[in-house]
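**Q** Here's a structure for you.
Each value in this text was obtained by applying a stated rule to the coordinates, not by laboratory testing. Quick caveat: nothing in here was measured; it's all calculated off a predicted structure. Because the Cβ atoms are built from the backbone with ideal geometry, glycine has one as well, and the counts that use them run over all protein chains shown.
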Amino acid sequence: MNQERIYQVLLGPLVSEKASLAAERGQVAFRVSADATKPEIKKAVEQLFNVTVEGVQVLNRKGKQKRTIRGFGKRNDIRKAYVKLAEGQDIDFLDVE
């Protein structure tokens, strides 16, 4: 996988209460692009952070419908990936080059 595709697949880390609970179990949460597949996410995380990935779980969160002055609008859909790291490995987001 080329370096350009890595940055198209991984959009950024997720910081939430659920993501911090998953971090206790050795998982890291990322926002990923809508067309990203599990093998692509696994390769991107392994190449970018130099860790071993055991598994990837992906979910799609539908955007909420909100009422506006001009009728109804819809927020963007979000695709998340929970990446299970090998035992003893960790990702430090401040140490990435």
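**Q** If a residue must be without any contact (Cβ under 8 Å) to a residue 40 or more places away in the chain and either in a loop (DSSP other than H, G, I, E, B) or loosely packed, with under 10 Cβ neighbours inside 10 Å (or both), how many such residues does the range 66-85 contain? I'd like the intermediate steps shown before the answer.
**A** Here is the first cut: in the range 66-85, the residues without any contact (Cβ under 8 Å) to a residue 40 or more places away in the chain are 66-76.
From the residues that got through so far, the ones that are either in a loop (DSSP other than H, G, I, E, B) or loosely packed, with under 10 Cβ neighbours inside 10 Å (or both) too are 66-72, 75-76.
Result for the range 66-85: 9.
**Q** Looking at the range 29-51 only, could you name the residues that are touching a residue at least 12 places away in the same chain (Cβ under 8 Å), among the polar types (S, T, N, Q) and under 23 Å from Asp92 (Cβ atoms)?
**A** Gln47
**Q** Something else: Tell me yes or no: at least one residue of the range 17-24 is within 13 Å of Tyr82 (Cα to Cα) and outside any helix (DSSP H, G or I). Spell out how you get there, then give the answer.
**A** Taking the range 17-24 as the starting set, the residues that turn out to be within 13 Å of Tyr82 (Cα to Cα) are 18-24.
Now restrict to residues that are outside any helix (DSSP H, G or I): 24.
Checked the range 17-24: at least one residue is within 13 Å of Tyr82 (Cα to Cα) and outside any helix (DSSP H, G or I).
**Q** Yes or no: Glu54 over 14 Å from Ile6 (Cβ atoms), out of contact with any Gly (no Cβ under 7 Å at 6 or more places or on another chain), touching a residue at least 12 places away in the same chain (Cβ under 8 Å) and of a type outside the set (Lys, Arg)? It would help to see each step written out before you state the result.
**A** Values: over 14 Å from Ile6 (Cβ atoms): yes; out of contact with any Gly (no Cβ under 7 Å at 6 or more places or on another chain): yes; touching a residue at least 12 places away in the same chain (Cβ under 8 Å): yes; of a type outside the set (Lys, Arg): yes.
Yes.
**Q** Looking at the range 32-45, can you tell me whether even one residue there is exposed (fewer than 15 other Cβ atoms within 10 Å of the Cβ), among the β-branched types (Val, Ile, Thr), on the phi < 0 side of the Ramachandran plot and in a loop (DSSP other than H, G, I, E, B)?
**A** yes
**Q** Every residue in the range 54-65 that is surrounded by 11 or more Cβ atoms within 10 Å (Cβ to Cβ) and either over 16 Å from Val32 (Cα atoms) or small (Gly, Ala, Ser) (or both), please. Please lay out each step first, then the result.
**A** So the first thing to find is which residues in the range 54-65 are surrounded by 11 or more Cβ atoms within 10 Å (Cβ to Cβ), and the list is 54-58, 61, 63.
Across the range 54-65, the qualifying residues are Glu54, Gly55, Gly63.
**Q** Take Asp90 and decide whether it is more than 13 Å from the chain's Cα centre (by Cα), in a loop (DSSP other than H, G, I, E, B) and of a type outside the set (Gly, Ala, Ser). Working first, answer last.
**A** On the way: more than 13 Å from the chain's Cα centre (by Cα): yes; in a loop (DSSP other than H, G, I, E, B): yes; of a type outside the set (Gly, Ala, Ser): yes.
In short, yes.
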